[in-house]
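Every number here is computed from the coordinates shown, using simple stated rules; none is lab data. What you see is a predicted model; the values in this text were computed from it and never measured. Every residue, glycine as well, gets a Cβ built from its backbone with ideal geometry; the counts of neighbours run over all protein chains shown.
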Amino acid sequence: MKTNKIALAVLATLFAGAASAGSLDYRTEYKHDDEKWAHRIKLGSSVKISDPAKLYFSVEQKWQSETNDDKTVDFWNNPSRGDSEFDWGVQYKINNNWYIQPGMPITFAATKTTYKPQLRVGYKADFGLTTALRYRHEFQDYTSDGGTFTDVNGDKINRADKTVQQGKWTLTGSYKFSQPSLKNLKLSYEANYNKSYENERKAKQQRLGVGSRR
């Protein structure tokens, strides 16, 4: 009994420590062109493993409402679960400005599991600029219900029981103003480049944002 009490005390201490360093994030998005809503919730934490390094980990669940007859998706109407993801990695601080961050998110979907080994290099300037460049190589492992996709030549390719590879480059950044009158204003940017290794189409995407911190 004494051993059990000690084990419970240690477990409670670890849980309390993890909870104090944890984060809970809920996000909803609306795609204007498709008129579709989507939701996700993410629970994460981090643990210091040495002076320059920390281990981070998180779990995420996505969901959305059922699709209407006109292919739109309401904000909340008979919602059902979507993909779930487990993410973990190590952030290593090189100095006060630079860090490197290898990681391995794993996404679980209805017809595939995607393994995403990645490496991020980040920089935080002394004047408010933060930026990072990430390369992620995806291995999409499909089940027997994987279906087909259309390649760049217009041919139908069967994905059932196959592994499809894809490379993704992502550049992100933000800028925080030091002026007191603009301290709640934040600028951000994001650029993506996707390259499939299975003759699928390439994709590019850019995004600029302006936000307010409260």
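Among the listed pairs Lys31/Lys124; Lys162/Lys195; Lys36/Lys116; Lys48/Lys124, those with a Cα-Cα distance over 23 Å are Lys31/Lys124; Lys36/Lys116. Each label point was placed 7 Å from the Cα along the Cα-to-Cβ direction; for Tyr30 and Ile106 their separation is 3.7 nm. Backbone amide hydrogens, once placed in the peptide plane, bring Ala109 within less than 5 Å of Thr114, excluding anything fewer than 5 places away on its chain.
One decimal place: the segment Glu66-Lys162 gains 31.7 nm when fully extended, by the rule 0.36 nm per residue minus the C-alpha distance. The distance linking the stretch 141-186 with the stretch 30-57 is 15 Å (Cα centroid to Cα centroid, whole angstrom).
Scalar couplings 3J(HN,Hα) for the stretch 32-48, obtained by applying the Karplus form with A = 6.51, B = -1.76, C = 1.60 to θ = phi - 60°, are 5, 5, 8, 6, 10, 9, 8, 10, 7, 9, 9, 10, x, 7, 8, 9, 6 Hz; x denotes Gly and Pro. Along Cα→Cβ, 7 Å out, is where each label goes; now give me the distance between the ones at Asn96 and Ser178 in nm to one decimal. In this crude spin-label approximation the distance works out to 1.2 nm.
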